[in-house]
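Asker: Can you keep this structure in mind? I'll have questions shortly.
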Amino acid sequence: MAAADGELADEEWDTVAAVIDGFFDGNATRRQIEEIMDDCWEAFERDGFDARIEAMAENLQSQELREIGLQVAAAVMLSDGEYVEGEEDEVYYDMADEMDVPRRRAEAILDEVAEQYE
């Protein structure tokens, strides 16, 4: 989601970094996080957005993990305060479709995350 609009706002970077740090139970160094972010960006540039969405769907094999992935995507999408319905959410719903998350559930996840940014 951070690259959906072709830019990575500071707030989006911070959100992604916080998620990565959370996976490491708060023990990731800034350098480790930056290396992971660099690897992700390189994969995005090399493979393209559609391939990254497919890879996400392949790696998040349970429904629970896929919904967590959508929660993270929604948080990143909303984090810069510049969310415009119809632009970024198209990518969000493409992700949901690729992961076989029903539209209504994807909408509910987006609404739940949006409440945290109000």
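The values are calculated or read from the model by the stated rules, or taken from the named source; none is laboratory data. From a predicted model like this one, the values you see are computed outputs, not experimental measurements. Note that we place each Cβ from the backbone using ideal geometry, even for glycine, and neighbour counts take in every protein chain shown.
Asker: Which members of the range 45-80 meet the condition of being out of contact with any helix residue (DSSP H, G or I) (no Cβ under 7 Å at 6 or more places or on another chain) and surrounded by 18 or more Cβ atoms within 10 Å (Cβ to Cβ)?
Answerer: Step one: filter the range 45-80 for residues out of contact with any helix residue (DSSP H, G or I) (no Cβ under 7 Å at 6 or more places or on another chain), giving 45-51, 55, 58-59, 61-66, 68.
Selection gives 66 alone.
Asker: Among (1) modelled with pLDDT of 85 or more; (2) under 27 Å from residue 111 (Cα atoms); (3) of a type outside the set (Ser, Thr, Tyr), where does residue 46 come up short?
Answerer: The single condition residue 46 does not satisfy is (2).
Asker: Hey, another quick one. Could you please give the count of residues in the range 22-44 that are outside any helix (DSSP H, G or I) and surrounded by 11 or more Cβ atoms within 10 Å (Cβ to Cβ)?
Answerer: Residues meeting the conditions: 2.
Asker: Does residue 68 count as of a type in the set (Val, Ile, Thr), part of a helix (DSSP H, G or I) and farther than 24 Å from residue 114 by Cα?
Answerer: When the stated conditions are applied, residue 68 does not pass them.
Asker: For the structure I just gave you, tell me whether residue 96 is touching a helix residue (DSSP H, G or I) at 6+ places or on another chain (Cβ under 6 Å) and part of a helix (DSSP H, G or I).
Answerer: It is true that residue 96 is touching a helix residue (DSSP H, G or I) at 6+ places or on another chain (Cβ under 6 Å) and part of a helix (DSSP H, G or I).
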